[in-house]
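What follows draws every value from the coordinates through simple rules; no lab data is involved. What you see is a predicted model; the values in this text were computed from it and never measured. Reconstructed Cβ throughout: ideal geometry from the backbone, glycine too, with neighbour counts over all protein chains shown.
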Amino acid sequence: MLDAAIIGAVLASVVAAATTLLLASLGELVAERAGTLNLGVEGMMIVGAAVGYVTAYGSGSLLLGTLAAVLAGMALSLVFAVLAIWLATNQVASGLATTILGLGLAGLIGASFVGTQLAGAPQLHIAGLTELPILGKALFGQDAFVYVSFLLLAAVTYTLARTRIGLVLRAVGENHAAAHALGHPVRGIRTLAVMFGGACAGLAGAHLSLAYTPFWAADMTAGRGWIALALVVFSAWRPLWLLGGAYLFGAVSILQLHVQGFGLGIPSQFLSALPYLATIIALVVISALKHGRGAPASLGVPFVPDR
Amino acid sequence: MPLRLERLENVSPLRHAMAPVVAALVTLVVGAVMFVALGHDPVHAFTIYFIEPLGDAYTLQELVVKASPLLLIGIGLSFCYRANRWNIGAEGQYVAGAVLGSWLALATHGTEAGPWVLPAMLVLGAVGGALWGLIPAFLRVRFGASEILTSLMLVYVAQLGLDYLVRGPWRDPAGFNFPQSVTFDDVALMPLLMEDGRLHGGIVIALLAVIAATFVLGRTLVGFSIELAGSAPRAAAFAGFDEKRVTYGVFAVSGALAGLAGIIEVAGPIGQLQPSISPGYGFTAIIAAMLGRLHPVGILVASLVLALTYIGGEAAQITMRLPFDVTRVFQGTLLIAILAADILVRYRIRRVEGTTHA
């Protein structure tokens, strides 16, 4: 039953499922390293999914759809940035508001596209490599989103650790008063970081509605934005660890689907609950081990210069 | 930066009270833009959305029926938010309460059980919600896990659990395979307040909660310790208030009230268990708590306003074929507007001359 072809297909779908999470959590990690907790990931992701799908459907261009999704995610992140960074409102409430608004907007945008379908992003095919057993399709047979997610991971890792921009961004997240005293525009940097997060969430949404499941369905993100937020905690705010986290959760969500398919007599709802339960367990384990260490010191604290 | 926020020395009570009003007006303007974008006459849309529901007795009753779960949950959440604990999983606690309370209704179904069933169901509902709410509290106190994420994840788990029950063991065997339980017996249903109509006993419970919460939050040491834990945690620690007990306490209260709202809804307007028992009350109640300034009476007013968006949304769905998401956009915009307005009344934006250094 479990021959190489099936294992290969499962691995390939794990990669696809993990890519959405990796993209969204990368963006949120950058926002959080700059000191802003944006709980609007779910909302920005679904707006990206809806705008991306509608644009791609109308224009016939997946590239245009992806671009529109990225811009839509950024636009919604700006709403959050104005509230949480410039008006210094409560970040938790502002993020929730962003998610609620995003879910509503996405529903409106996608309403007349329910039941339609797209061809979906093309997958790479390298003669010889893609046909390799087991790992061939997972590594060399994916759509562009997967490879972009790896490039982004490398870029974020390098930028945060090795460049001046990364250093300033981390300084703003660790001690905004000191960064401000040194003359760095704290709120400007945070706004850019949040917008990067919005762009990544929009891209993750585009991956969902243009490649992973190329159709539109209401609430199709199904909590992935929240899982991406949990992954940032799980990674202890280190980008490379996101890779492990995203693939672990991708694996859990794909494996539960396959177990459902085999019909082992376990109620499907219990299996569907696994990714959410796994998120809770992962949060508990990492929190128990680290207990607060690793989080940027100014995370969630609004910066008001004259205070 | 040419613009900066300047904190006002004294914010007059009038200015403070104006914030929700301004937020509502801003939301209406955004709503008008949305209706135009959707190709509808905004005046006509607003009439259907916000005016017509207030015009007849049936929809006015419906308004109160929809406001009462928001009120109960919102009051519970205000305990959490005052203490700076972020329970955003009230929707899950609502479902957990509905499930545990319904268990008794189904266990006594078709028996000679007396009028004790409904009160016992309400108690079980509150217990179920409180237990579900205590999970994130425990994970935060014991392991330091973010209650925001764990409470939200538990919403999905609770909904899937309910789905399993009504499609599996609790499905009505004579229900033509529909995923729903049997209709509850009369002793397991909320009594109606009037002979005909929709108003039920749950509304009285919600109003009692307003009075109780106003007293507890405003007049007791418990209320003070919650307030202090949220606004000055270090001072609270020096004063000898136990931070862990506050966490457990506020999650238990908000979970219990959400669970109570859940069982009231199932034993009241719905009358049986089904896969979906809430149009997102647990999330909308977050907005009710914020819009009501975390004060029970404020939450009462906010719940009525938000209930109007539900009723108007249903009316617009039927007569204008607008998707229900319009309501979610309204609710999200309202929350954004109130957050911004609350800050802007305390500050004024001033142009700063000369300095460009930000």
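Numbers below:
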item	result
At R0 = 35 Å, FRET efficiency that the Cβ-Cβ distance of residue A:161 and residue A:129 yields, to 0.05	0.70
Shielding score for A:267-274, defined as the mean number of other chain Cβ atoms within 10 Å	6
Expected 222 nm ellipticity per residue - DSSP helices of 4 or more, -39500 (n - 2.57), all of chain A, to 500	-22500 deg cm²/dmol
Residue B:347 long-range amide H proximity, modeled H, under 5 Å	B:8
Separation of alpha-carbon centers, segment A:1-72 and segment B:138-173, rounded to whole Å	25 Å
Average partner coverage of B:336-342, which counts Cβ from other chains inside 10 Å	6
Relative packing of peptides B:251-263, B:134-146, B:118-130 - highest average C-beta neighbours within 10 Å first	B:251-263, B:118-130, B:134-146
Peptide-level mean, for B:281-287, of C-beta atoms on other protein chains within 10 Å	2
Kirkwood hydrodynamic radius of segment A:151-233, Cα pairs, Å	14.8 Å
Global geometry of segment B:1-99, whether rounded, prolate or oblate, following the gyration tensor of its Cα atoms and the 1.5 cut on a/c	oblate
Angle between chain A longest axis and helix A:164-174 axis [Cα atoms, degrees, rounded to 10]	70 degrees
Spatial separation of Cα centroids for segment B:290-358 and segment B:209-223, in angstrom	26 Å
Chain A, dipole about Cα centre (Lys/Arg Cβ +1, Asp/Glu Cβ -1), debye to the nearest 20	760 debye
Gyration tensor (alpha-carbon) shape descriptor, chain B, a/c threshold 1.5	oblate
Spherically averaged projected area of segment A:1-95 from its Cα convex hull (nm²)	8.3 nm²
Tilt relative to chain A, helix A:62-81 - C-alpha long axis, 0 to 90 degrees, to 10	30 degrees
Candidates B:95, B:30, B:65: whichever shows maximal mean-square fluctuation once chain B is modelled as a Gaussian network with Cα springs under 10 Å	B:30
Over chain B, relative contact order from alpha-carbon pairs under 8 Å, at least 6 apart, %	35 percent
Using alpha-carbon coordinates, inclination of helix A:41-59 to the longest axis of chain A, degrees	60 degrees
Relative contact order (%) - criterion: Cα under 8 Å, at least six apart; region: segment B:235-339	17 percent
Chain A - percent relative contact order, Cα under 8 Å, separation 6 or more	36 percent
Rounded, prolate or oblate (a/c below 1.5 giving rounded, otherwise prolate when a/b exceeds b/c) for segment A:76-194 by Cα gyration tensor	oblate
Sorted largest first, extent of the protein assembly as shown alpha carbons per principal axis (Å)	74, 73, 57
Cβ charges +1 (Lys, Arg) and -1 (Asp, Glu), total dipole of segment B:131-217, debye	480 debye
Sequence of B:295, A:207 once ranked by neighbouring C-beta atoms within 10 Å, starting from the fewest	B:295, A:207
Whole-angstrom gap from segment B:32-54 to segment B:244-279, using each part's C-alpha centre	33 Å
Distance (nanometres) between label positions extended 7 Å along Cα→Cβ at residue B:192 and residue A:116	4.6 nm
Kyte-Doolittle at least -0.5, axis length at least 18 Å by Cα - qualifying DSSP helices, chain B	B:13-37, B:57-82, B:90-107, B:117-143, B:147-167, B:202-219, B:243-265, B:296-319, B:325-344
Shape parameters for chain A, alpha-carbon atoms, Rg then Dmax in Å	19.4, 67
